[in-house]
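Trainee: Encoded as structure tokens, here's the structure I'll be asking about.
What follows is calculated from the coordinates using simple rules that are stated; it is not laboratory data. Computed from a predicted model, the values in this text were never measured in an experiment.
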């Protein structure tokens with residue numbers, strides 16, 4: 001599977017923050033290194049979509065990017081198992 005540098009950075013960020021979901025603002029500011037603007041939300045969403053398409057085709061990839069509504073994105077086990085973070 002071939003990932004762009006931004007896709008690699010997003011995955012690394014999600015993996016490093018596996019204790020909690022990351023919202024678009026945190027992802028954008030960390031990966032792009034720029035202040036968050038409302039238009040950046042779509043940029044993050046498109047990159048997440050591309051990552052989901054790529055990792056969904058890769059059976060060796062043990063994790064999937066999931067969305068926790070109102071909170072952000074996180075990594076979860078491919079089989080739909082528990083996410084990395086603990087639910088309260």
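Trainee: Sort all Cα-Cα distances of segment 5-77 into consecutive 5 angstrom bins from zero, then give the percent of pairs in each bin up to the one containing the longest distance.
Mentor: 3, 16, 31, 28, 16, 5, 2, 0
Trainee: Please work out how much length the chain gains when fully extended from residue 67 to residue 18, using 0.36 nm per residue of separation minus the C-alpha to C-alpha distance, in nm with one decimal.
Mentor: Values: separation 49, 0.36 × 49 = 17.64 nm, distance 1.31 nm.
Length gained, residue 67 through residue 18: 16.3 nm.
Trainee: Normalised by the residues of segment 5-77, what does the relative contact order come to in percent, with Cα pairs under 8 Å and at least six apart? Don't jump to the answer; show the numbers that get you there.
Mentor: On the way: 74 pairs, mean separation 25.0, N = 73.
34 percent.
Trainee: Do me a favour and compute the ellipsoid semi-axes for segment 24-63 from its Cα gyration tensor, root of five times each eigenvalue, largest one first, whole Å.
Mentor: Working: eigenvalues 120, 21, 7 Å².
That gives 24, 10, 6 Å for the three semi-axes.
Trainee: State the extension gain, in nm to one decimal, for the chain segment bounded by residue 50 and residue 32, taking 0.36 nm per residue of separation less the distance between their alpha-carbons. Mind showing how you got there, number by number?
Mentor: Values: separation 18, 0.36 × 18 = 6.48 nm, distance 1.65 nm.
4.8 nm is the gain from fully extending residue 50 to residue 32.
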